[in-house]
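Remarks on the structure that follows.
What follows draws every value from the coordinates through simple rules; no lab data is involved. Note that the structure is a prediction, hence the values are computed from the model and not measured. Cβ sites come from the backbone with ideal geometry, for glycine too, and all protein chains shown count toward neighbours.
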Amino acid sequence: MFIRLGNPPAPVPAPFDQVICDYLNARPNLTTATNPGSQRLFPCRRAGQPLLPTTIRLRLQRLGIPNLNSRSHALREMLLQAPPSVVAAMIGYAPARAEAIAA
């Protein structure tokens with residue numbers, strides 16, 4: 001199984017592939033008239049649109065799953081392995097912001 005979070009699609013290893021398959025079979029937001037055939041992992045209420053990152057973050061917080069610290073840690077780890085300008089281009093950050101975080 002592959003998941004596309006950008007290009008190219010990334011492979012999903014076992015056992016996580018089964019977790020994603022189970023989720024896909026029971027996704028919310030597919031009962032609206034605009035989304036019955038959506039192939040998005042996190043469909044929005046509007047046709048063809050994904051959930052906003054803020055919506056996902058708030059849902060994770062309500063479930064007790066902190067995600068901002070993990071994201072910050074992952075970003076710092078990437079900045080240790082590649083120049084800030086390269087990391088910024090990969091994840092959509094402004095180069096100046098990535099450089100400030102790296103500093």
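Across the chain, the relative contact order, built from alpha-carbon pairs under 8 Å that are at least six residues apart, equals 11 percent. For mean projected area of the Cα convex hull in nm², the candidate list reads (1) 6.6; (2) 8.0; (3) 7.3; the entry that matches the value derived from this model is (2). The packing ranking of peptides 12-18, 93-99, 54-60, highest mean first, is 93-99, 54-60, 12-18, where packing means the average number of other beta carbon atoms within 10 angstrom of each residue.
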